[in-house]
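The values are calculated or read from the model by the stated rules, or taken from the named source; none is laboratory data. Small disclaimer: the values here were computed from a predicted structure and weren't measured. For neighbour counting, all protein chains shown are included, and Cβ atoms are generated from backbone atoms with ideal geometry for every residue, glycine included.
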Amino acid sequence: MKEIMDAVTDTFSIFGPNTSKVLMFHLENQFGLKPKDIPDKPERFHAILQQLFGNYAASLEVAICKQIRNSNPSHNSEFVRFLEHHSLQEVKAA
């Protein structure tokens, strides 16, 4: 769970130092997804990223999964499998 949250936070930080905190705030207050629930709700997280970032959501999902895999190559959670599958589908469709 910590690996996932670290990867999400770090990936969101590519937009700027405070962006991760702002996005986490909006995930919870605008969309009802608490940051601690992100690892257990990949479908909801994916849908929110789609709403916020459109076609760019797939790039963020790939970056999140890549960071998780880099920190732990054997990581095989439902969260990572879901995001990898959906981001690949969206890249193929583009």
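Number of residues in region 22-48 that are within 16 Å of residue 87 (Cα to Cα) and aliphatic (A, V, I, L, M) equals 2. Within region 57-94, restricting attention to residues that are of a type in the set (Gly, Ala, Ser) and within 21 Å of residue 6 (Cβ to Cβ), the residue that is farthest from the chain's Cα centre (by Cα) is 74. Taken over region 60-85, residues that are touching a residue at least 12 places away in the same chain (Cβ under 8 Å) and surrounded by 15 or more Cβ atoms within 10 Å (Cβ to Cβ) amount to 15.
For region 35-94, residues that are at pLDDT below 90, farther than 16 Å from residue 10 by Cα and not in a helix (DSSP H, G or I) total 6. Summed over region 34-56, residues that are within 11 Å of the chain's Cα centre (by Cα), more than 19 Å from residue 70 (Cα to Cα) and not hydrophobic (A, V, I, L, M, F, W, C) total 7. The residue that is surrounded by the most Cβ atoms within 10 Å (Cβ to Cβ), among those in region 1-33 that are assigned to a loop (DSSP other than H, G, I, E, B) and more than 13 Å from the chain's Cα centre (by Cα), is 31.
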